[in-house]
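Below: the structure, in structure tokens.
Coordinate-derived values only; no laboratory data. Bear in mind the structure is a predicted one, so any value in this text is a computation, not a measurement. Every residue, glycine among them, receives a Cβ derived from its backbone with ideal geometry; neighbour counts consider all protein chains shown.
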Amino acid sequence: MPGHLYGYQLAHGVIPRLGWGTDSPTVCHTCDNHSCQQPTHLRLGTAAENRAEWLARRTDPGSPLADLRGPAERSRAIGATIREGLANHESGQEIADRISAAIVEGRPLSLW
């Protein structure tokens, strides 16, 4: 069972009818951060809605979905950044700044 599906059901209760059809209930991410497991960032929708939202947000250069490294490598880069900051005994703000820099590294190039 995927983590986001498990987390959603822990927070909101069992989903009554899961399936593979386009009108079947599915758990949709609202923040587009692949590694996010926040129950408040998950909502119940249909597979068709989820796919349409994904396609619409995929072209937003500021979206995690547009990261050139892909979701898994983006998560690894952020994790490595956090571990490096902790190993260097950096403050929470310094680690947050490192995370922001790691996120920007994966964005598509822009002329503005």
Theoretical FRET efficiency, 1/(1+(r/R0)^6), r = Cβ-Cβ of ARG107 and ARG43, R0 30 Å, to 0.05
0.70
With r defined as the distance between the Cβ atoms of LEU68 and ASN88 and R0 fixed at 25 Å, what FRET efficiency is calculated, to the nearest 0.05?
0.40
List the residues whose amide H sits under 5 Å from the amide H of THR46, counting only those 5 or more places along or on another chain, with H placed 1.01 Å from N in the peptide plane.
THR26
Looking at the stretch 47-112, which trypsin sites (Lys or Arg not before Pro) are in a loop (DSSP not H, G, I, E or B) and have at most 16 other Cβ atoms within 10 Å?
ARG69
In degrees, nearest 10, the alpha-carbon axis of helix 70-87 is tilted away from the dominant principal axis of the alpha carbons of the chain by 40
Once P(r) over Cα pairs in 10 Å bins from 0, in percent is worked out from the coordinates, which option in [x] 13, 33, 30, 23, 2; [y] 15, 50, 32, 3; [z] 13, 35, 32, 16, 4 does it equal?
[z]
Helix-derived mean residue ellipticity, 222 nm - over the chain, DSSP H n ≥ 4, -39500 (n - 2.57), to 500
-15500 deg cm²/dmol
For the stretch 38-44, Karplus-derived ³J(HN,Hα) couplings (6.51, -1.76, 1.60; θ = phi - 60°; whole Hz; x for glycine and proline) come out as 5, x, 6, 9, 10, 9, 8
Relative contact order for the stretch 3-58, counting Cα pairs under 8 Å that sit 6 or more residues apart, in percent:
36
Rounded, prolate or oblate: which fits the stretch 3-58, taking a ≥ b ≥ c as square roots of the Cα gyration tensor eigenvalues, rounded meaning a/c under 1.5, else prolate when a/b beats b/c?
oblate
Quick check: from the Cα gyration tensor, does the stretch 25-87 come out rounded (a/c under 1.5), prolate or oblate?
oblate
In degrees, nearest 10, range 0 to 90: what is the angle between the Cα axis of helix 47-58 and the longest Cα principal axis of the chain?
30
